[in-house]
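Step one of this worksheet: look at the structure below.
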Amino acid sequence: YLKPSQTLQPYTPTVTVIVPCYNEEKLVSQTIESLLHQNYPRSLTTIIAVNDRSTDSTGRKLDAYATQITVQHNPVNIGKRETITRLINQPLKSEVVVLIDSDTQLHPEALAEIVKPFRDPDVGGVLGDVRIRNADVNHLTRLQDALYYTGFRFIKGFEGYFRRVTCLSGVLAAYRVRLLEERIGEFENATFMGGKYLFGDDRDLTNV
């Protein structure tokens, strides 16, 4: 969990940002734009957006950025877990990997802040502070914003104080690549009651 920025010294490792995308035509362009406008050295950043066989115009919207980021298209829909596994196994040529959802829009300082804790070699993963962008639309969005505020600011903040965060939310999470590469097989082959486990990828990644 991110501590206040004034308590952590700047740190600029190489970073790969992975954006798995499926049927996100309405917001994916805003997500990519937010990544391209980060106050973090572009020379140290690799952005990989993967279209997981979307049935809408997500793939075409990603292709519009093909000269600025790496765009990949899965020939069949394989899901977020297998998409992440495939990329980690390439392997990635960076110290830190940041995973975000395809509808996540980052604050310009997000990458600079989320990598700071990795200066400490004992840190394996970091969770971003996530808020709801359209919180004032209606009662439902206000409730969702309250739940996110409570979950990220209080519950995750409490866990982070003890450096024992139980789940790094897939909305915005960063991991030390070396640790993921060592344990990615456990994530890829997770099962539940004898069947392949398709959900809970963020919790599994946190705990491998």
Filtering region 134-186 for residues that are farther than 18 Å from residue 111 by Cα, in a loop (DSSP other than H, G, I, E, B) and open to solvent by 20 Å² or more (accessible area, probe 1.4 Å) leaves a count of 9
Residue count, region 27-55 (criterion: assigned to a loop (DSSP other than H, G, I, E, B) and open to solvent by less than 40 Å² (accessible area, probe 1.4 Å)) | 4
If a residue has to be buried (at least 18 other Cβ atoms within 10 Å of the Cβ), of a type in the set (A, V, I, L, M) and over 18 Å from residue 173 (Cα atoms) to count, how many in region 70-102 make the cut?
-> 1
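Looking at region 158-201 only, could you name the residues that are of a type outside the set (A, V, I, L, M, F, W, C), closer than 14 Å to residue 80 by Cα and modelled with pLDDT of 85 or more?
Filtering region 158-201 for residues of a type outside the set (A, V, I, L, M, F, W, C) gives 159-161, 163-164, 166, 169-170, 175-176, 178, 181-183, 185-186, 188-189, 191, 194-197, 200-201.
So of that shortlist, the ones also closer than 14 Å to residue 80 by Cα come out as 169-170, 188-189, 196-197, 200-201.
Listed by number, the residues that qualify are 169, 170.
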Does region 67-79 include one or more residues that are closer than 19 Å to residue 32 by Cα and either touching a residue at least 40 places away in the same chain (Cβ under 8 Å) or small (Gly, Ala, Ser) (or both)?
-> no
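The values are calculated or read from the model by the stated rules, or taken from the named source; none is laboratory data. What you see is a predicted model, and the numbers here were worked out from it, not measured in a lab. Glycine also receives a Cβ, built like all others from the backbone with ideal geometry; neighbour counts cover every protein chain displayed. Note: accessible area is taken over every heavy atom of the protein model, side chains too, but ligands, DNA and RNA are not part of it. Shrake-Rupley method; radii C 1.70, N 1.55, O 1.52, S 1.80 Å.
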